[in-house]
Amino acid sequence: MSTQIKIKNDLILKALRSQKTDRVPVWMMRQAGRYLPEYQAIRSTMSFLELCKNPQKAAEVSLQPYEILGVDAIIMFSDILVLLEPMGAGLDFDTGKPRFVNPTRSQEDLNKIIALDKNQLKDKCSYVYETIDEIKAKLNNEIPILGFAGAPWTLASYMIEGGGSKEFAEIKKMMYLNPKGMHELLEKLSISVTNYLINKLDTGVHAVQLFDTWASVLSIEDYQEFALPYQQKIISGIRAVHLDASITLYVNGVSNVIDFMIQSGANCLSIDWRANLKDIREYVSGQNLAIQGNFDPCALLGTKDQVKSKTLRMLEQAGPGPGYIANLGHGILPMVPVENARIFIKTVQSFSNH
Ligand code: CP3
């Protein structure tokens, strides 16, 4: 079971539960990343996958945003795609972008993908759990540690497209031509993801986030058939073991699907910058549902004054009620000046919401 030891700064854990906090807590998606020279220094000595598989170094880069910027949570350094390797989909980052050299497209390809149980994952992804242990050892219970995974639709999109995509034509083609095979794949992914996150919670992360970044490319009907049921399965599967696990769901492009995100069972919804934060907060009010977001990551490329005023604007839109975590609406970009990231974090932390 997850640790009961008191965390010194537990603002995020309280906000995730929609409890009152003295100030708004903040972290940034992809906060351990290339905009930090300290990250680049370590990355220049090894490949991205080598870094993911080196618990000592992965822990070190996980802690950098806390040491350098003072964020209110650590997200363990890894990637949503590393889980797919032991499931049978060969992954590389040789070009800097994720690539599956043999995309999963035929029924034969689909049959090769295996669902992993908790013990198989402990064995094949031991480095993930060792990274959590390393972070815990170094962090001394100062702030919470967040774990994460990709949701089945988003993971499947990389496996089937062979990498990132604009149109998502290959995965949609499979969805239309072979819906049974598509469901079988999503089912295998949801089993692995559930076990993967249960193991992370067992190892001591304090909350988890499920990334269904690309679920918003689906029509509303297809979302209900190919995304929502698997999000629900994972969330209820985790809660069958960790009764009160805190689970955040992220989708990029929430405006069409906010009702379905509510139905996922998550206790926090992470929203992108296109959504109006004030409207979303009003829409979910009274449902004990926390909201995370939603600063446009590109706005961190503006002037210092703009970063400050836009951050204040976001905080005003969030309003004074409990259950709000400041974050970006998607991952931080490599070209963001560290100083601007710091202004974002410090503006939130010095803002009084009372
Ligand atoms: O948030 C954190 O700091 C924790 C680590 C984290 C990474 N990726 C590190 C990373 C997390 C939570 C992710 C999630 C992730 N990875 C998602 C879901 C969220 C999202 O951004 O939509 C997705 C779709 C991926 C897949 C992925 N990984 C892509 C498409 C890329 C290449 C594009 C890019 O940003 O470079 C990655 C690589 C990646 N993952 C990097 C980092 C720090 C950069 C790799 C490098 O150092 O070269």
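Nothing in this text is a laboratory measurement; each read-out follows from the coordinates by a stated rule. Worth saying up front: this structure is predicted, and the values here are computed from it rather than measured. Don't worry about glycine lacking a Cβ; one is built from the backbone with ideal geometry, like all the others, and counts go over all protein chains shown.
So that you can scan it fast, the table gives a plain yes or no per residue for (1) within 16 Å of the ligand (Cβ to nearest atom); (2) at positive phi; (3) assigned to a loop (DSSP other than H, G, I, E, B); (4) surrounded by fewer than 20 Cβ atoms within 10 Å (Cβ to Cβ):
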| position | (1), (2), (3), (4) |
| --- | --- |
| Q306 | no, no, no, yes |
| Q317 | no, no, no, yes |
| P320 | no, no, yes, yes |
| A326 | yes, no, no, no |
Exercise. Quick one: count up the residues across segment 110-136 that are within 19 Å of Y158 (Cβ to Cβ), assigned to a loop (DSSP other than H, G, I, E, B) and not β-branched (V, I, T).
Key: 3
Quiz prompt | Search result, residues across segment 228-246 that are of a type in the set (A, V, I, L, M) and either away from the ligand (no atom under 16 Å from the Cβ) or in a loop (DSSP other than H, G, I, E, B) (or both) | solution = L228, I235, I238, A240, V241, L243, A245
Quiz item: Is there a residue being buried (at least 21 other Cβ atoms within 10 Å of the Cβ) and touching a Gly at 6+ places or on another chain (Cβ under 7 Å) anywhere in segment 227-235?
Solution: yes
Practice problem: Please work out if K57 is surrounded by fewer than 17 Cβ atoms within 10 Å (Cβ to Cβ) and among the basic types (K, R). | Solution: no
Quiz prompt | Number of positions in segment 247-263 that are within 16 Å of the ligand (Cβ to nearest atom) and crowded, with 19+ Cβ neighbours inside 10 Å | solution = 9
Exercise. Select, from Y35, Y39, the only residue that is touching a helix residue (DSSP H, G or I) at 6+ places or on another chain (Cβ under 9 Å), crowded, with 20+ Cβ neighbours inside 10 Å and without any contact (Cβ under 8 Å) to a residue 60 or more places away in the chain.
Key: Y39
